[in-house]
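Novice: Quick one: the structure is below, questions incoming.
The values are calculated or read from the model by the stated rules, or taken from the named source; none is laboratory data. Keep in mind that what you see is a predicted model, and the values were worked out from it rather than measured. Note that each Cβ is placed from the backbone with ideal geometry, even for glycine, and that neighbours are counted across all protein chains shown.
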Amino acid sequence: MSAPAGPGPISRSSTAPRSSTAWAFLAPGLILLALSVLIPAVMALVISFSRSGLDVSEPLQFIGLANIRRLLADPMFFRVLGTTLLYLVGVVPPVVLGSLALAVLVNRQLPGIHLFRAAFYTPVLVSIVVAAIAFRWLYAETGLVNGWLSALLGPAFTPIGFLTNPVLALPAVMVVTLWKGLGYYMVIFLAGLQGIAQDLYEAAELDGSEGWRKHLDITLPLLRPYVTLVAVISAIAATKVFEEVYLMTQGGPADATRTLVYYVYDQAFAELEISYACTVGLALFVIVLLLSAIRFAFAGDRGIS
């Protein structure tokens, strides 16, 4: 008795309707992406090699690499680039270590642990505008932080200008970014922790690995892809920081908190140098592209998206 024939090959005519249906569902999102991201990005690239002002009726004048040469000779660009890199260095390590510690802390089967997870995640839901204004009030010379310090240190205490001191302003703004981001990255690490079998920790305890040492022996090696993911995406977010700076210091004092994105805004809307602002934005795009390449190189091949 012959075996029943299997299903025949799927013809192109049968897959065409499914393919067209899929593209029909994707079309609104792709059109919105093209209008809001792709087309403006191409226009910014073209303008960066042209001379352009606010009058859109004027034709673009191609000037070649003049804006790039200006960028490479601009001392303020390198200053804001250094401030941005300093912001990145000051934010990424605390974000990685702090969110990992929080994830380990709440990865326990205890009564009410979900309330603690929600409490740590709540800052993520707060608008960055609200957070920046609230911290600006806290940092004021008559604010809560100086009030606490005055009560602790006594009448001899002199109020600290956290946002008016060039040395303290940048760390003060970093605190807002850290406060907003820890809960978000905690959830990423928590997902990784819950994928680690408890048998590994029990075996490590039998070998004498207890307390925080078992996290060094088991947790960190297995969470290495998540550490890379959090480090890269938090670095990209720190590179593109704008709202905190704009709402709290507006780049001051003495340009101590002026970052790359704020410099783009300043050149475009204060100096009305649209083409040069696009060139600075192009440099920012290259930096973010490099960070994204690192993310895909070190985390993408491990199945983490």
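Novice: Can you tell me which residue in the stretch 92-105 is nearest to the chain's Cα centre (by Cα), limited to those that are in contact (Cβ under 8 Å) with a residue 24 or more places away in the chain and under 19 Å from D217 (Cα atoms)?
Specialist: V96
Novice: So is R108 over 19 Å from the mean Cα position of the chain (by Cα), of a type outside the set (D, E) and modelled with pLDDT of 90 or more or not?
Specialist: In short, no.
Novice: Taking the stretch 80-100 only, how many residues are surrounded by fewer than 20 Cβ atoms within 10 Å (Cβ to Cβ), among the small types (G, A, S) and in contact with a helix residue (DSSP H, G or I) (Cβ under 9 Å, 6 or more places away or on another chain)?
Specialist: Number satisfying all stated conditions: 2.
Novice: Follow-up. Go through the stretch 138-159 and report how many residues are more than 16 Å from P171 (Cα to Cα), of a type in the set (A, V, I, L, M, F, W, C) and not in a loop (DSSP other than H, G, I, E, B).
Specialist: Total meeting the criteria: 6.
Novice: Here is a further query. Do we have any residue at all in the stretch 45-63 that's in contact with a helix residue (DSSP H, G or I) (Cβ under 9 Å, 6 or more places away or on another chain), assigned to a helix (DSSP H, G or I), modelled with pLDDT under 90 and under 30 Å from L229 (Cβ atoms)?
Specialist: yes
Novice: Then there is this: Output the number of residues of the stretch 256-279 satisfying the condition of being in contact (Cβ under 8 Å) with a residue 24 or more places away in the chain and either of a type in the set (G, A, S) or surrounded by fewer than 18 Cβ atoms within 10 Å (Cβ to Cβ) (or both).
Specialist: Total satisfying the criteria: 3.
Novice: Looking only at the stretch 129-163, which residues are surrounded by fewer than 16 Cβ atoms within 10 Å (Cβ to Cβ) and in contact (Cβ under 8 Å) with a residue 24 or more places away in the chain?
Specialist: Those that are surrounded by fewer than 16 Cβ atoms within 10 Å (Cβ to Cβ) and in contact (Cβ under 8 Å) with a residue 24 or more places away in the chain: V129, I133.
Novice: Identify all residues within the stretch 228-274 that are charged (D, E, K, R), out of contact with any helix residue (DSSP H, G or I) (no Cβ under 6 Å at 6 or more places or on another chain) and within 17 Å of P166 (Cα to Cα); write none if there are none.
Specialist: Once the filter is applied, which keeps residues that are charged (D, E, K, R), out of contact with any helix residue (DSSP H, G or I) (no Cβ under 6 Å at 6 or more places or on another chain) and within 17 Å of P166 (Cα to Cα), the stretch 228-274 yields only D255.
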